[in-house]
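Just so it is clear, none of the values below were taken in a lab; they were calculated from the coordinates. Just so you know, these numbers come straight off a predicted model, no measurement behind them. Cβ: placed from backbone, ideal geometry, glycine included. Neighbour counts: every protein chain shown.
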2 protein chains.
Amino acid sequence: MTDQMKRIALARRPEGVPAPQDFSIETMDIPAIKAGEVLVRVSCLSLDPYMRGRMSDAPSYAPSVDLGATMTGQGVGRVVASKADGFAVGDLVTGMTGWADHAVLPAAELRKLPEDIPESTALGVLGMPGFTAWTGLRKYGLPKAGETLVVASATGPVGSMVGQLAKAAGLRTIAIAGGPEKCALAVETFGFDAAIDHKAHDDAASLRAAIAAATPDGVDIYWENVGGKVLEAVMPLMNVGGRIPVCGMIAWYNGAEAGDKLPLIWRSVLTKRLSVNGLIIFDHWDDFPDFLSDVAPKVAAGDIAYLEDIAHGLDDMPQTFISMLTGGNTGKQIVKL
Amino acid sequence: MTDQMKRIALARRPEGVPAPQDFSIETMDIPAIKAGEVLVRVSCLSLDPYMRGRMSDAPSYAPSVDLGATMTGQGVGRVVASKADGFAVGDLVTGMTGWADHAVLPAAELRKLPEDIPESTALGVLGMPGFTAWTGLRKYGLPKAGETLVVASATGPVGSMVGQLAKAAGLRTIAIAGGPEKCALAVETFGFDAAIDHKAHDDAASLRAAIAAATPDGVDIYWENVGGKVLEAVMPLMNVGGRIPVCGMIAWYNGAEAGDKLPLIWRSVLTKRLSVNGLIIFDHWDDFPDFLSDVAPKVAAGDIAYLEDIAHGLDDMPQTFISMLTGGNTGKQIVKL
């Protein structure tokens, strides 16, 4: 057993697209392991888009990697030394090893892997990306047979899983991918019903026309991995009651167009795990009797205040409406005849 | 009983802010009523921001008003003639009378009102605006005692109801309103804990600082009535797991800044009643065993396809990462050591 290890540290914070100079490759002594810890020799490491966020010191859902610290990331490897119950030398494990060829981790942060499935699947289809697809579709996508799903980054580890799970649930699945090879892959390997090459469309309007042609019944679920042009293209095609699990926005990870206010808003939806719901009251009339029986007594009792702005006569009604649109009224605008 | 009525018709489609010339005031004969219909003399009419949308012929959640047709809207009045069971002359009723002093409506589209509550409440606190507040808060706001709610257009008929219902549920309630008088009203009449005058802030950053000062624990629910500057200001203040019922976007009803992509997206959320949910997989680890037991057998059986893009060695890892961010990989990016 060697007593040296190699790791990649974050040397400086990238601006826009990261550059090789933002990283430093370092050799160091393997730390001594303490009680409850395990030393893993890493055989496989994962690279995932979320890592770009960790390189930035902008506030996000997870702390950024400190300058000089090992880049964060999941790895698979074998135990080479253990001071923890339940882990023996030779065990195949996975955990947040970082970008390094060895890692010392508390046993509680490691998970043992079966030997009968390729070890790299723990980083992909049976790891975080696959789990992301499965969870997001189940909790937020709410797929129903016969509906239409559009997936951005459809040949990626998340998108390809979303497509397959939705297809198995009886949905029509449409892939958005970059280039003819990925489009072929989406249909042939991942079973999408159709694939659209976003690189063949310079603007959102042209991409939208292509997606519209492939989604004659509209879009019920848009799985959001990218933001940018694809989001703009898909949004007007959504059906009433559609669902958008927001899983990533890789188009904006390296920065957005100056003056574009959308990335700030959309990024907050992701990083804050917001639940944003369009409300059109005409969908909810069935609940009106419940509302009245709850609220009418409170209004009658004076427990709920209300304010009316009373105008008079039909003739001035257009002007009253115009004024209301710019905040000219105070309270509910009523016109008495 | 007169045999003439007066109505306001849509004369042309407004561009931007409506003008009086977009409407025409007309006198006409009261239509004869048929079996099952009721003639109502209108005493009170409602004016609501949603009406601006009906004046446009852009596709929306409801059909636009035809040119030459009576402007749509809810009214209250008394029955002056009835050919319908259950409605007698003198009954106080409400329905979609349109902007007119008389209306002939099918009985099924009318609702009788009690005589002991002011009739205009059927258009406001006990009508569509109040019902909107009650429904949206209950279904999408999901208020919990101790949380913080921010409401745009807080002294309007929807916002003032949202604030009072949330306050009664034990939330800290913050009003956004236009001008010192409305701010005073929000606190004194509607019981908001604080009110912020958006007119006192020229840009979103300045408004955000004021809201942040009033929301030391962040924002759990943002009730969206306006879009524009307020949305931009509030969004970064949202807490993890926050909820945004999107009820309106009056700031953009008369058009948006050229090149601003946000209104298109946000408008779709409203008009299509979308459910948009941020997904960060690190919140969901408890479900990981369920995922593995569902999906691992399918992967082992070859029922789920997956694709890996294998790179080799730690030294090239930064470059591999950079390439992945721009779509250079195909399938899950793995680095083998």
Obtain the nm distance between the two label points defined at A:A145 and A:R12 by a simple spin-label model: each point lies 7 Å from its Cα along the Cα-to-C-beta direction. 5.8 nm
Amide H of A:K261: which non-local residues (sequence gap of 5 or more, or other chain) have their own amide H closer than 5 Å, using H built in the peptide plane? B:K261, B:L262
Backbone HN-Hα couplings from phi across segment A:146-151 [Karplus 6.51/-1.76/1.60, Hz, Gly and Pro as x]: x, 7, 10, 10, 10, 10
Here the FRET efficiency for A:Q4 versus B:I310, based on Cβ atoms and R0 = 25 Å and rounded to 0.05, is 0.50
Any chance you could check the Cα centroid distance between segment A:87-133 and segment A:12-48 for me, in angstrom? 15 Å
Out of A:G16, A:G73, A:G159, a Gaussian network model of chain A with alpha-carbon springs under 10 Å gives the largest mean-square fluctuation to A:G16
Checking B:H201, B:H284, B:H312 against a Gaussian network model of chain B (alpha-carbon springs below 10 Å), the top fluctuating residue turns out to be B:H312
Defining the label point at 7 Å along Cα→Cβ, can you sort the distances from B:A145 to the same site in each other copy, shortest first, in nm? 4.5
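Quick one: dipole size for chain A, taken about the Cα centre, charges +1 on Lys/Arg Cβ and -1 on Asp/Glu Cβ, in debye to the nearest 20.
So the dipole magnitude of chain A works out to roughly 660 debye.
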Give the Debye-formula value of log10 I(q)/I(0) at each listed q (0.09 Å⁻¹), with one equal scatterer per alpha carbon of the protein assembly as shown, two decimals each. -0.83
Most mobile listed residue (A:P49, A:P297, A:P18) in chain A, GNM with C-alpha springs under 10 Å: A:P297
Sorted shortest first, the nm distances from the A:N254 label point (7 Å along Cα→Cβ) to its counterparts in the other copies are 4.2
Simple spin-label estimate for A:D217 and B:M28 in nanometres, 7 Å along Cα-Cβ: 4.0 nm
Sort A:F192, A:F131, B:F282 so that the residue with the fewest other Cβ atoms within 10 Å of its own Cβ comes first and the one with the most comes last. B:F282, A:F131, A:F192
Give me A:L45, A:L142, B:L292 sorted ascending by neighbouring Cβ count inside 10 Å, so fewest comes first. A:L142, B:L292, A:L45
Estimated dipole of the protein assembly as shown in Debye, rounded to 20 [Cβ of Lys and Arg +1, of Asp and Glu -1, Cα centre]: 140 debye
Give the order of A:I176, B:I174, A:I221 when sorted by the count of other beta carbons within 10 angstrom, beginning with the fewest. B:I174, A:I221, A:I176
For peptide A:206-212, compute the average count of partner chain beta-carbon atoms within 10 Å of each residue's beta-carbon. 0
Among the listed pairs B:K139/B:K167; A:K83/A:K112; A:K139/B:K144; A:K144/A:K167; A:K112/B:K332, which are separated by more than 19 Å between their Cα atoms? A:K139/B:K144; A:K112/B:K332
If you put a point 7 Å past Cα along the Cβ direction, how far is that point for A:D66 from the same point in each other copy, in nm, smallest first? 7.2
With angles folded into 0 to 90 degrees, how steeply does helix B:262-271 sit against the dominant principal axis of chain B? Use alpha carbons for both and round to 10. 60 degrees
